[in-house]
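The values are calculated or read from the model by the stated rules, or taken from the named source; none is laboratory data. Since we're looking at a predicted model, the values are computed, not measured. Cβ sites come from the backbone with ideal geometry, for glycine too, and all protein chains shown count toward neighbours. When the accessible area is computed, the model is the full protein with side chains, heavy atoms only, and any ligands, DNA or RNA have been set aside. Shrake-Rupley method; radii C 1.70, N 1.55, O 1.52, S 1.80 Å.
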Amino acid sequence: MTSLSFTGIRKTFGTTVALESLDLALQPGELVSLLGPSGCGKTTALRIAAGFEIPDTGVVSLGESVITGTPAHRRNMGMVFQSYSLFPNLTVAQNVDFGLRNRKVEKAKRNSRVGEMLELVQLGELGKRYPHQLSGGQQQRVALARALAVQPEVLLLDEPLSALDAKVRSTLRDEIRRIQTELKTTTLFVTHDQDEALAISDRIGVMSNGRLEQLGTPEDVYLRPASPFVARFVGSINELPNSNGVGKILVRPEDVTISADENELTMRGTVTRVTFQGPVTIISVRVDVVDQLVNVHAASGSIQTQVGDRVSLAVAPGRGIVEAA
Amino acid sequence: MKQSRSQRALGRLLPTLVLIASAIFFAFPLLAMARFAFQNLQVIDLGWNNLFEKWSISSVTASFSDDFFAEAFTLSLKLAVGTALFTLGLLIPTAVWVHLRLPKARVFVEFLTILPYVIPAIALVAGIVVVKPHARWFLNSDYSLIPFYVVLALPFTYRSIDTGLRAIDLKVLVEASRSLGSTWIATLFRVVIPNLRAAIISSTFLTVAVVLGEYTISDVLLKRTFPSFMAQYRQSDPRGGYALAILALLGTTLLFVAIGVLSKSRSTRPQQVSRSQENEILV
């Protein structure tokens, strides 16, 4: 288990600043997700870790060693890519064996390691198949086995699930977490999918415009967003005018209380839509004074209401963050 | 508006008629050439009534026994191998580099490779004549033809390699290989080249076709290559010369058929498992 750290990393492409003073340290065995919209710099950070990009300034360290200028092939990192990256000319077993051959591991050890890795990703029977004979999910499992076969000090995952169907994505996401926990490999996971990041990570780094907006546990990022950007990007959010008329209050739908009694709570409004989603029902209410739509997540069955009903709302005490104007 | 039955029939028939007309247009001169080369009859006697009479390969076997045939043919084969190796050694790293590091330069490189189309071989020859007195040490060697053939074959060979590179996810494959500990050289030999096999074979066959057909430059440099031999032999034995030309044409055609078969076998490879299938099988 090794730590990976970025210190003061800045990277530009022409006049575009991709990363602006990134400071991030992954503890040994930890899985950290970099979450953010397209172009926020998360993939650039991962590519700098892999050695495919050289930062303009700053230092990348692996444990005690500085690896900023070390070529990609000497970094001992495993990487899984967004698109299927298996070598089409090699079988599944040969793909997994690829990195071991580069490291000149003796054949008997290589064969046993390939078998172990394929068992780990539950594809022990498919060693002789070629990549085009596998489904997308199977290909990404093989890519994971290939990356892990070389016992990398750090595992880099570049949106490995984004090309897959929702069902396959969810299963493979859990698999990645299981394997990562089992092997205790320090892992940097890049994604734009907040559900993925919340489900899989020890910590999440939320990025915007080349900056790390917040680094914290999934609970921290969701419940205690450090900035309006984080509040808006992670989970859904209601934006209400502040009572003093300056700025806005950002509040999550589950932090808004709703009552069928129009006079019970502080804000009054009319129900415009009721969406049943299994355990939760989303109730959309147009609030009178501010003429603004607020979504409320209520436990299904906890309130009986329909479109056109008059209701009252209130923000749960201590919830919501204030955004200055 | 509905088409009448006769219009639809004509629509189906017309392409076939055009194809047949084109085939006749190309086949008749070739047939005439074949009759001249392989039928032991006086030209004045050739007619429809003796279309199947006195066919023989004696003219071509006679050319094989010429003192210079083996020498010329061997030289052309050596030049073909040399040109193919030189071309691949030059083009694969260049095309890979352009695809990975200089994608904006792709248009410029494509323009450069198309120049031999625009500038005729005779212009190249004019250049060689100017340079010749200063580069005799190089031009005296038979193998000095190789760089010229590489240039002449560029429009075909570069496109073949470029198409092969576009068909694979080069950047990701190279980065995957590098992240697994491969040097650039190892990546080129273990990942890029094996995945360009069909493109490399096409490029090689096209190079061979160019080398076996090029006459102008070899003649100016006084090299006895197979096309030069054919041209000279035709003067002493026209039938034998044309028989050799037909054999060369047949060989080139077979090479192109082989390219077609290889391309087809690549495109008919089992397709990626579909999304719907994916949900039905183990993730």
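The strands (runs of 3 or more DSSP E) found entirely in the range A:120-209 that carry 2 or more residues being touching a helix residue (DSSP H, G or I) at 6+ places or on another chain (Cβ under 7 Å) and within 10 Å of another protein chain (Cβ to nearest Cβ) are A:154-158.
Among the residues making up the range A:237-271, those that are open to solvent by 60 Å² or more (accessible area, probe 1.4 Å) and among the polar types (S, T, N, Q) are A:S243, A:N244, A:T257, A:N263, A:T266. Taken over the range B:182-204, the criterion of being crowded, with 23+ Cβ neighbours inside 10 Å and closer than 20 Å to A:M77 by Cα is satisfied by B:V191 alone.
Look at the range B:2-31: where a residue is closer than 18 Å to B:L249 by Cα and a partner is aliphatic (A, V, I, L, M), sitting 6+ places away or on another chain with Cβ atoms under 8 Å, you get B:L30/B:I246; B:L30/B:L249.
In the range A:162-186, what count of residues is obtained for those that are within 18 Å of A:A50 (Cβ to Cβ) and among the aliphatic types (A, V, I, L, M)? Number of matching residues: 1. Just one of the numbered conditions (1) under 19 Å from A:I237 (Cα atoms); (2) open to solvent by 80 Å² or more (accessible area, probe 1.4 Å); (3) of a type in the set (A, V, I, L, M) is not true of A:V289: (1).
Counting only helices (runs of 4 or more DSSP H) wholly contained in the range B:107-171, the ones carrying 3 or more residues that are in contact (Cβ under 8 Å) with a residue 24 or more places away in the chain occupy B:121-131, B:145-166.
Rundown of residues vs (1) assigned to a loop (DSSP other than H, G, I, E, B); (2) among the hydroxyl-bearing types (S, T, Y); (3) within 14 Å of chain B (Cβ to nearest Cβ), yes/no style:
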site: A:G29; (1), (2), (3): yes, no, no
site: A:V32; (1), (2), (3): no, no, no
site: A:S38; (1), (2), (3): yes, yes, no
site: A:A45; (1), (2), (3): no, no, no
site: A:F52; (1), (2), (3): yes, no, yes
site: A:P55; (1), (2), (3): yes, no, no
site: A:V59; (1), (2), (3): no, no, no
site: A:G69; (1), (2), (3): yes, no, no
site: A:M79; (1), (2), (3): no, no, yes
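Test of understanding: among B:K54, B:K78, which residue is open to solvent by 70 Å² or more (accessible area, probe 1.4 Å) and within 29 Å of B:V210 (Cβ to Cβ)? When all the criteria are applied, what remains is B:K78.
All conditions but one from (1) part of a helix (DSSP H, G or I); (2) at the interface with another protein chain (Cβ under 10 Å from one of its Cβ atoms); (3) open to solvent by less than 30 Å² (accessible area, probe 1.4 Å) apply to A:H73; the one that does not is (3).
Checking each residue in the range A:293-324 for being at pLDDT 90 or above and in contact with an Asp or Glu (Cβ under 6 Å, 6 or more places away or on another chain) picks out A:H297, A:R310, A:S312. Look at (1) exposed (fewer than 15 other Cβ atoms within 10 Å of the Cβ); (2) free of Cβ contacts under 8 Å to residues at least 60 places away in the same chain and you find that A:A316 fails only one, number (2). Looking at the range A:222-271, which of its residues are without any contact (Cβ under 8 Å) to a residue 60 or more places away in the chain, under 26 Å from A:L19 (Cβ atoms) and not in a loop (DSSP other than H, G, I, E, B)? Hits for the range A:222-271 are A:Y222, A:F229, A:V230, A:R232. Taken together, the residues in the range B:27-49 that are part of a helix (DSSP H, G or I), at pLDDT 85 or above and surrounded by 10 or more Cβ atoms within 10 Å (Cβ to Cβ) amount to 11.
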